[in-house]
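Below is one structure, written out as structure tokens; comments come after it.
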Amino acid sequence: MDAAGWQDKPAFVEANLFWNSDIDSQKQEGGLLDAGTLGPRYAFNTHFYDQKAISGILMWGNAADGQYATDFGKVRDRASAAGTTAIVSEFGHPLSGTVSGKAPTVDKAMYQALDSRLPGATWWTKPASSGPVLSGNQWQWDIYSGRHHELMNGNASKVLTSGDAWNDEDLSAVRLDDSGTAVLRQDARLLDRLYPSATSGSTVAFTYEDRSRDGSTTLTWNPVPSSLPHVSQLVGSGQYGLLLW
């Protein structure tokens, strides 16, 4: 990379794909445990999908407040041990099929875990334990969702047209409507987010209550405690973010 003129560009180094699987039988040794200190020229790059939720049988019901605090906490800890920062370059949940009804809560819980390693229920009592805010990329943003014509693994007898086509998945948060306009497939409150891009100092804690919806139900997982009535009155029933630095 240096020889190619990339001296000032960090490498996004991906760990073994299943190092952080939430199904023990699928978990594999990884996480760059033997790589030593990576340093700032590398970013710890990982994916996370809730394989239990996707299975349809290993996680009944929906995700809840703090569902992925531990999973994303492991990402923070691994990056810290490697002396670098982390990015969750893929996360998401199917938007069609038998488990698609879990998507509003699964994706909300993943965004919550990117913001803080604490559940909303405990954030206000110990915000300094939040850990660093993680960068992430919801998989995926495919304006051609449902409009593909792709051969699966080059097999002419398997032409994929629905969903994301590739790998027979359907996770795209966006699609084109009949007029060719890009439209969201998920609640805008979930996707249009507030996050700290820079701080004047060191970030201590961050939280964002998106109040995204699961059908007609508004999901509020980090309510302002009753001990802070003026703050509660300030945010009301709207979305809010809070950054401590």
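Structural remarks
The rows are residues; the columns are (1) in contact with a Phe, Trp or Tyr (Cβ under 7 Å, 6 or more places away or on another chain); (2) outside any loop (DSSP other than H, G, I, E, B); (3) at pLDDT 95 or above; (4) under 24 Å from Phe72 (Cβ atoms).
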residue: Ser96; (1), (2), (3), (4): no, no, yes, no
residue: Lys102; (1), (2), (3), (4): no, yes, yes, yes
residue: Gln112; (1), (2), (3), (4): yes, yes, yes, yes
residue: Ser157; (1), (2), (3), (4): no, no, no, no
residue: Val183; (1), (2), (3), (4): no, yes, yes, no
residue: Gly201; (1), (2), (3), (4): yes, no, no, yes
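- Some residue of region 55-65 being in contact (Cβ under 8 Å) with a residue 24 or more places away in the chain, crowded, with 22+ Cβ neighbours inside 10 Å and under 16 Å from Phe18 (Cα atoms): no
- Members of region 28-50 that are part of a loop (DSSP other than H, G, I, E, B) and either surrounded by 18 or more Cβ atoms within 10 Å (Cβ to Cβ) or hydrophobic (A, V, I, L, M, F, W, C) (or both): Gly31, Leu32, Leu33, Ala35, Leu38, Tyr49, Asp50
- Of all residues making up region 124-153, the number that are part of a loop (DSSP other than H, G, I, E, B) and more than 15 Å from Phe91 (Cβ to Cβ): 14
- When Ser89, Ser116 are checked against the criterion of being farther than 23 Å from Asp168 by Cα, of a type outside the set (Asp, Glu) and in contact (Cβ under 8 Å) with a residue 40 or more places away in the chain, a single residue qualifies: Ser116.
- Ser145 passes every criterion in (1) closer than 30 Å to Gly201 by Cα; (2) without any contact (Cβ under 8 Å) to a residue 60 or more places away in the chain; (3) buried (at least 16 other Cβ atoms within 10 Å of the Cβ); (4) among the polar types (S, T, N, Q) apart from (1).
- Residue in region 159-181 that is surrounded by 15 or more Cβ atoms within 10 Å (Cβ to Cβ), among the basic types (Lys, Arg) and either touching a Pro at 6+ places or on another chain (Cβ under 6 Å) or over 23 Å from Thr98 (Cα atoms) (or both) present: no
- Residues being in a loop (DSSP other than H, G, I, E, B) and under 18 Å from Gly92 (Cα atoms) - total across region 159-181: 9
- Residue selection: Asp65 satisfies the criterion of being modelled with pLDDT of 95 or more, part of a loop (DSSP other than H, G, I, E, B) and charged (D, E, K, R).
- Only one of the numbered conditions (1) of a type outside the set (S, T, N, Q); (2) more than 15 Å from the chain's Cα centre (by Cα); (3) buried (at least 20 other Cβ atoms within 10 Å of the Cβ) is violated by Asp77, and that is (3).
The values are calculated or read from the model by the stated rules, or taken from the named source; none is laboratory data. Computed from a prediction, not measured in an experiment: that's the story for all the values here. Here Cβ is always computed from backbone atoms with ideal geometry, including for glycine, and neighbour counts include all displayed protein chains.
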